[in-house]
1. Give the residues of segment 465-510 that are among the basic types (Lys, Arg) and assigned to a strand (DSSP E or B), sorted by residue number.
2. Could you please let me know if GLY553 is surrounded by fewer than 14 Cβ atoms within 10 Å (Cβ to Cβ) and either outside any strand (DSSP E or B) or charged (D, E, K, R) (or both)?
3. Would you mind stating whether THR62 is surrounded by 15 or more Cβ atoms within 10 Å (Cβ to Cβ), modelled with pLDDT under 90 and closer than 19 Å to VAL174 by Cα?
4. Which one is surrounded by the most Cβ atoms within 10 Å (Cβ to Cβ), of the residues in segment 339-375 that are out of contact with any helix residue (DSSP H, G or I) (no Cβ under 9 Å at 6 or more places or on another chain) and farther than 26 Å from GLN442 by Cβ?
5. Being of a type in the set (Asp, Glu), out of contact with any Phe, Trp or Tyr (no Cβ under 8 Å at 6 or more places or on another chain), in the same structural domain as GLY463 (by TED's automatic domain parsing) and farther than 15 Å from PHE501 by Cα: is that true of GLU217 here?
6. From SER173, SER168, SER182, SER118, grab the single residue that is outside the structural domain of ASN82 (by TED's automatic domain parsing) and buried (at least 18 other Cβ atoms within 10 Å of the Cβ).
7. Pick from VAL459, VAL470: which is buried (at least 17 other Cβ atoms within 10 Å of the Cβ), under 15 Å from ILE554 (Cβ atoms) and either in contact with a Gly (Cβ under 6 Å, 6 or more places away or on another chain) or small (Gly, Ala, Ser) (or both)?
8. Can you spot a residue in segment 135-154 that is in the same structural domain as LYS84 (by TED's automatic domain parsing), among the polar types (S, T, N, Q), within 22 Å of ASN261 (Cα to Cα) and at pLDDT below 90?
Amino acid sequence: MKPIDLRVEGTRQGAIEVARNRLIFVMALFAMGFLTLVVKLISVGVFQAHSSTYYQTVSANTSLLMARADIVDRNGVILATNLKTPSLAVVPGKLKTSPEELAEKIASIFPSLSYDQSLEILSTKRSHKWIKRTLTPRQVFEIKKIGDPGLVTSDAEKRIYPHGRLVSHVLGSVDDDNKPSSGVEAFFNDQLIDPLKSENSLVLSIDIRMQHILNQELAAYKEKFYALGAAGIILDVTNGEVLALSSLPDFDPNDTDGPQNLDEMNKVLQGVYELGSGFKTFTIASALDNKVVDISDGYDATKPVKVAGFTIRDDHPKARWLNVPEIFVYSSNIGTLKMAQDIGVERQKAFFEKLGLFKKTDIEVYGKSAPLLPKQWGPTELATTAYGHGIAVTPLHLASGVAAMVNGGRLNPATLLRKDTSHIESATLISSNEVTSNVAPQVISPDTSEIMRNLLHLVVEFGTGKNAKVDGYLIGGKTGTAIKPYKNKRGYNDKAVISSFISVFPIDKPKYLVFAMLDEPQGIKETFNLISGGMTAAPMVGNIIRRVGPLVGIVPTKQKEFDYEDLMLVSGTRK
């Protein structure tokens, strides 16, 4: 072979070797990359199984917290919503520090948590437990400095109530895990956490403007008369919608899990009281509707009456015969009980039952109270229940019943849901059909209802409700002053009363009912130390009407003449 041929062959062989080496290097790089991915997958799948369980737990809790729908008032104002906030939780399985040591550090960072409270949380048997919600940036920094993997901070949604205490007894509240304990939060919990509905808002019948007015007046008069508590409600008599509902003392749903003691209970829906003369509205309506009396009939109220050993007197005695309007206007116990005696036990019981006074209301909250009824119905019970003693109901029972007395005679179930929500862009969780599915029963005739409207107006114009008068408005109402029974023994405490006033306006075309009560008001110089409903609750209701009237567009009018001449008061003795 020639020398030139040997040189060419050697050069070609070298080039092939270089190419082979480069190919092997590239293949080695691919193999190393693939092997790295395999090792990583095995590490995640096998060695981090416990950690994966934790992340699933946190994810489940977070999704639970993020699923709750908003609650708004009848005009779309937000009453309850969600806000993302830094939160601290403990995962006991990942703790590297003893709970005792960590408890000291946790308590030093959060003044609201004691050492014992912190230790109890850190020692939980659960796989995940919240320690503190709504952390400040400084608190997050301090937790990170501890450096224990079992202390985990994450963004979770907290239920927020922008109006604080204002609507607490309507809304209720939820705990750290979004579990409700009371109010509409509890009643509609299934709908509020339903993922298919959580984008929509639950529209309540509450008007936050009226709620402010009612709450402010209740608070002012509670303080003025040194009362233990106060409660009130504003109701649409045409459809049963609750426009405002307040009970004092209240609670802050942002800071608590609900009412913390008996004083903070919802007095409108949970408190049962002997509400006194408000019940005379029902007794007289029953007598008129059952044709037991005519509007011109009367009864002898010249002296007290004894019934089964008890002496029954009038608080405002006239010591003469009183016709039916006078019995109502002057709030005569004697005249009312004699009327009840003519009605009889069976008809009186049937009428009360027809008004829903023997069962819980159907309003959409948990924790409603049932009335306390007489164990037996004899002559004494017939007499005392006629003027509101011996039977205890919630203020809502009374309000719904009086609404039926003035609206033409139909008993509309009270509701916290707005029936017409067409003005709200996000659809309500509960359709209006579900609210209005039941036709309101007719409990008295329209004619009887018209007479009752006039009688209620007379009470404000000439009777015990004068202090509720508001210039330009036609108002009807009835006072109630009931002595409270002793808590630990039989009998009644003459120094402790429930003072109330229930009113309707405008009384010629009833639309709004306002009820307010004070629990054990104390006499003051301004009222000559009197604590009756006419002296304490009536002026409070007058102030509420004075503020609500312009808000809802009711134009003040001049005084109208009465439709019935027989409704005018008659002086002298009737024989």
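The values are calculated or read from the model by the stated rules, or taken from the named source; none is laboratory data. Since we're looking at a predicted model, the values are computed, not measured. Note that we place each Cβ from the backbone using ideal geometry, even for glycine, and neighbour counts take in every protein chain shown.
1. LYS478, LYS484, LYS495
2. It is true that GLY553 is surrounded by fewer than 14 Cβ atoms within 10 Å (Cβ to Cβ) and either outside any strand (DSSP E or B) or charged (D, E, K, R) (or both).
3. Against the criterion (surrounded by 15 or more Cβ atoms within 10 Å (Cβ to Cβ), modelled with pLDDT under 90 and closer than 19 Å to VAL174 by Cα), THR62 qualifies.
4. SER369
5. It is false that GLU217 is of a type in the set (Asp, Glu), out of contact with any Phe, Trp or Tyr (no Cβ under 8 Å at 6 or more places or on another chain), in the same structural domain as GLY463 (by TED's automatic domain parsing) and farther than 15 Å from PHE501 by Cα.
6. SER118
7. From the options VAL459, VAL470, the qualifying one is VAL470.
8. Scanning segment 135-154 turns up no residue that is in the same structural domain as LYS84 (by TED's automatic domain parsing), among the polar types (S, T, N, Q), within 22 Å of ASN261 (Cα to Cα) and at pLDDT below 90.
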